[in-house]
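The values are calculated or read from the model by the stated rules, or taken from the named source; none is laboratory data. Bear in mind the structure is a predicted one, so any value in this text is a computation, not a measurement. No Cβ is skipped: glycine too gets one built from the backbone with ideal geometry, and neighbour counts run over all protein chains shown. When the accessible area is computed, the model is the full protein with side chains, heavy atoms only, and any ligands, DNA or RNA have been set aside. Shrake-Rupley method; radii C 1.70, N 1.55, O 1.52, S 1.80 Å.
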Amino acid sequence: VVVENRILIRAPFHVVAGLFDYVLTIEPKMAFGTGHHETTCLMLQEMLQLDFGGKKVLDFGCGTGILAMMAAKLGATAIVAIDNDEWACRNTPENMEVNQITGIEVRLGNHSAILPHEQFHYILANINRNVILETLPVLRRALLPNGGLLVSGILATDVAVVQTAAQHEGLKAAGTQYKGNWAQITFYAP
């Protein structure tokens with residue numbers, strides 16, 4: 001999978017053909033996040049537009065760890081990856097090793113795995129509408145001032161519902177992008 005002609009996402013058995021700014025090797029096994037799904041591509045496209053240098057990042061619903069690893073490649077220095085799926089929490093460290101990425105803390109759990117004192121410059125949540133709506137108060141609390149919340153895993157028809165809920169949490173929508181029937185929204189904390 002090629003994103004914006006800058007990121008190549010490949011399985012270990014695929015040969016790298018061409019020049020890319022970033023190459024991620026993903027062995028998905030039973031975890032979500034190979035880059036083939038529209039929502040993953042949308043998240044990666046948005047991440048390319050942002051400055052992750054020296055930032056603290058939470059990948060909430062990390063799957064294969066693809067977004068956490070991309071944040072590392074973009075310069076993030078403190079990364080937490082959380083998933084409620086045991087397969088994902090096994091697969092993420094394996095993918096980190098293949099990509100020679102260190103410094104990502106992987107946690108098994110749901111929103112309660114976000115520690116009460118933790119705050120992040122960016123939170124990446126490529127999950128689904130219901131989980132996003134349910135966890136918005138926790139994700140909002142975990143954002144530093146001026147921090148960005150990137151959400152996807154939502155259908156284009158659910159954008160207004162998610163935007164309204166985020167506004168109730170004091171978040172401001174900064175942009176929405178679409179691919180097929182799917183959407184990605186970026187919000188910022190005041």
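Can you name the condition, by its number, that Leu133 falls short on among (1) surrounded by 14 or more Cβ atoms within 10 Å (Cβ to Cβ); (2) touching a residue at least 40 places away in the same chain (Cβ under 8 Å)? So the condition that Leu133 fails would be (2). Do the conditions hold for Gly170, that is, is it at pLDDT 95 or above, assigned to a loop (DSSP other than H, G, I, E, B), open to solvent by less than 70 Å² (accessible area, probe 1.4 Å) and out of contact with any Ser or Thr (no Cβ under 8 Å at 6 or more places or on another chain)? Criteria met by Gly170. Of all residue pairs spaced 6 or more apart or on separate chains, those with beta-carbon atoms under 6 Å, a first member in segment 34-48 that is of a type in the set (S, T, N, Q) and a second member that is open to solvent by 40 Å² or more (accessible area, probe 1.4 Å) and modelled with pLDDT of 90 or more are Thr39/Trp182; Gln45/Glu4. Considering segment 111-126, the residues that are of a type in the set (S, T, N, Q) and surrounded by 16 or more Cβ atoms within 10 Å (Cβ to Cβ) include one that is farthest from Met70 (Cα to Cα), namely Gln119.
Within segment 127-143, is there a residue that is in a strand (DSSP E or B), in contact with a helix residue (DSSP H, G or I) (Cβ under 6 Å, 6 or more places away or on another chain) and within 22 Å of Phe187 (Cα to Cα)? Taking every residue of segment 127-143 in turn, none turns out to be in a strand (DSSP E or B), in contact with a helix residue (DSSP H, G or I) (Cβ under 6 Å, 6 or more places away or on another chain) and within 22 Å of Phe187 (Cα to Cα). Scanning segment 1-27 for residues that are on the phi > 0 side of the Ramachandran plot and open to solvent by 80 Å² or more (accessible area, probe 1.4 Å) yields a count of 2.
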